[in-house]
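A short worksheet on the structure shown next.
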Amino acid sequence: MGWLSLAIETRCDLAESLADALMDAGALSASIEDADAGTGAETPQFGEPGSVTTPGWERSRVIALLASDANAAAILDEAAAAIGLAEIPAWTTDLVEEQDWVRLTQAQFEPIRVSERLWIVPSWHEAPDPEAIVLVLDPGMAFGTGSHPTTRLCLEWLEREVRPGDSLLDYGCGSGILAIAAARLGATSVSGIDIDPQALIAARDNAEANHVTATFIEAAEPLTTPAGYDIVVANILANPLRALAPALVGHVRPGGHLALSGILSEQADELIACYAPWISLDVADTRDGWVCLAGRRAD
Ligand SMILES: C[S@@+](CC[C@H](N)C(=O)[O-])C[C@H]1O[C@@H](n2cnc3c(N)ncnc32)[C@H](O)[C@@H]1O
């Protein structure tokens, strides 16, 4: 007995609502992946600045798992109507053997070694090294499973900079990966902020799965740390980082550190200039055309 796998290519900003609508229409599960994965056409890009969901690719593929005797066309019709799609997007189906499906899905997500000590490990994998600091994170809907270069840049920076007892704010927390990593690296007071309620749910779940105490709140809610944080890290995009500059700097305590990611190399100088009235930022590291900027606020 197997399943039917229904694959639909769609715009990134529609993928999440289509996945939800497919579940409502009877799919057993729905996941989102890079539509260009494996074609050699992957580009390390986010969605449009300001978009609520910002996966690290240009077009998404929604994969829904259906009962083997399900009517895929009817389920897709119902889902498309529910989210107001004028046209049914192109779709394909495949019969999937029960055991193969599980193995194939899980095999796509191997543990990622971020640095000497830090690993990101899906929950179905063994910890690769007993000495490692393991972040247990499953691929899900919220951005931040560690495979994107901007996340990696932040994780590497955190591993160098977090000191035991630090307080940290992860602005644009997505899955909460940076906040959780900071806590595992010794930070004791850890908060995350996001505009996406789904990200906050994922972040709270991930913190629990990693036995980490962290507070995740919506961007509109007030923070209760008037003295500022030892570290503020924000992996968003150049445009929001520009708009958020005074707020982000305001959350760093005097003498504390700020790290920004989600910035293309050619945007670095402009961002450095934008933050210059408050804090002197430098390029801390680069990866695949992305930079991490970091600096210390004056005492
Ligand atoms: C690129 S993801 C980063 C996720 C995670 N911190 C990481 O490093 O992998 C950016 C996150 O910022 C959030 N975001 C975008 N604009 C924001 C804003 N103005 N305030 C708070 N969060 C924002 C998005 O919802 C998204 O979850």
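Each reported figure results from applying straightforward, stated rules to the coordinates on display, with no laboratory input. Fair warning: this is a prediction, and the values are worked out from it, not measured in the lab. With ideal geometry, Cβ positions are generated from the backbone for all residues, glycine too; neighbour counts draw on all protein chains shown.
The table below gives the values:
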| read-out | value |
| --- | --- |
| Mean Cβ count within 10 Å, highest first, over the residues of peptides 112-119, 10-17 | 10-17, 112-119 |
| Summed side-chain charge close to residue 115 - residues other than residue 115 whose Cβ falls under 14 Å, Lys, Arg +1, Asp, Glu -1 | -1 |
| Which of 276, 162, 174, positive extreme of dipole for segment 112-296 (C-beta unit charges) | 276 |
| Fewest-first sequence of 29, 167 by Cβ atoms within 10 Å of each Cβ | 29, 167 |
| Sum of side-chain charges, residue 252 neighbourhood, beta-carbon under 14 Å (Lys, Arg +1; Asp, Glu -1) | -2 |
| Simple spin-label estimate for residue 239 and residue 299 in nanometres, 7 Å along Cα-Cβ | 4.1 nm |
| Additional length obtainable on full extension of the chain from residue 28 to residue 11, 0.36 nm per residue less Cα span | 3.9 nm |
| Likely footprinting exposure, 20, 166, fewest C-beta neighbours within 10 Å first | 20, 166 |
